[in-house]
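The values are calculated or read from the model by the stated rules, or taken from the named source; none is laboratory data. As the structure is a computational prediction, the values presented were derived from the model and not from experiment. Here the Cβ positions follow ideal geometry from the backbone for every residue, glycine too, while neighbour counts run over all protein chains shown.
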């Protein structure tokens, strides 16, 4: 595999003031409003970081320093996050002036909406420069231009008063869209998308039965706070890596030597189809003992992530522990509850996601994995020769 393949970026528009819900913000920018003590922006980033992206850009405006302090420079699921604060408000398209020389082809989402879609399902034809996700309109009527849309068999988008489809706030743009920038304040919804529709330069991708929420109004915000589990709560599987998803020959770290075990790809695919969040929880004593570097580990994990994404298998997050009491490398020589049988790797995942522990489970191949699961209150299974058969049995029971 060529790891230098040009990947796509993600832009999150997070510059809104939230005037309609200002009494609920407690001095925070709108995307940082908390749902059961978790910032709304977390749910957006965590969902889209599952995909094989190059970089995530957060375009912040109002009180942007709060967003920047939380996310800038972080790596989330091996994707670097860069937060840009607008010098002056440039609206939802004009803000791209600040990163136009950095962007590849890119996806764009709103920082005040959550849409549970697979980025790889957003298709674009050769004659277009953009694609827009459409979804069923159940209760949204703020922007009439983009809430009464229809799509034909050629995937052309048009306006229709009788249509029950709307813009889901998720786009894919070829880099050529940046030619529409004029250095001035521009609205994506009002200035750019209508022009693209008129010129047939944008196509639509219809998503059915995908969760959508907009927190921009008092009613919607109250609804999501009262029904957060419907939108965000997931069952999860926590997997040890070496010996569970791949053959373990000792200190696995080379791409050329990495091999998935029997039934792993089918089993992981089944978990994704059943809407499980998949987490890898792995001790990496080889880093502490100088067998390989953190960069070696990350390179292999990026390879695994990219390989699985091509098969529509998505790993939500990878947690690893480089510490060991007998480490050769001084900075890694210590006892740590991140290292299994400690369970801080799992706890760090649970603190910023809604996971249904009762319906979740862990698979490992060592006693330390079992003890980690028990400490976390999670059901445990030892791995078997055929991973897929094990998954089917667990799901059935």
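Observations on the structure shown:
- Criterion: loosely packed, with under 13 Cβ neighbours inside 10 Å, at pLDDT 90 or above and not assigned by TED's automatic domain parsing to the domain that holds residue 260 - qualifying residue of 169, 183: 183
- Residue in the range 72-90 that is surrounded by the fewest Cβ atoms within 10 Å (Cβ to Cβ), counting only those that are in contact with a strand residue (DSSP E or B) (Cβ under 8 Å, 6 or more places away or on another chain) and part of a loop (DSSP other than H, G, I, E, B): 73
- Any hit, the range 43-57, residues being modelled with pLDDT under 95 and buried (at least 18 other Cβ atoms within 10 Å of the Cβ): no
- Residue selected from the range 272-297 under the condition over 20 Å from residue 340 (Cα atoms) and touching a strand residue (DSSP E or B) at 6+ places or on another chain (Cβ under 6 Å), by the criterion surrounded by the most Cβ atoms within 10 Å (Cβ to Cβ): 277
- Among the residues examined, residue 318 qualifies as touching a strand residue (DSSP E or B) at 6+ places or on another chain (Cβ under 8 Å) and assigned by TED's automatic domain parsing to the domain that holds residue 258.
- Only residues that are touching a strand residue (DSSP E or B) at 6+ places or on another chain (Cβ under 9 Å), in a helix (DSSP H, G or I) and either touching a residue at least 60 places away in the same chain (Cβ under 8 Å) or on the phi > 0 side of the Ramachandran plot (or both) were counted in the range 94-104, giving 2.
- Test for residue 220: is it farther than 30 Å from residue 86 by Cα, surrounded by 13 or more Cβ atoms within 10 Å (Cβ to Cβ) and at pLDDT below 95: no
- Of all residues in the range 342-361, one or more are over 30 Å from residue 231 (Cβ atoms), in contact with a strand residue (DSSP E or B) (Cβ under 9 Å, 6 or more places away or on another chain), in the same structural domain as residue 265 (by TED's automatic domain parsing) and assigned to a loop (DSSP other than H, G, I, E, B).
- The one condition in (1) assigned to a helix (DSSP H, G or I); (2) surrounded by 18 or more Cβ atoms within 10 Å (Cβ to Cβ) that residue 303 fails to fulfil: (2)
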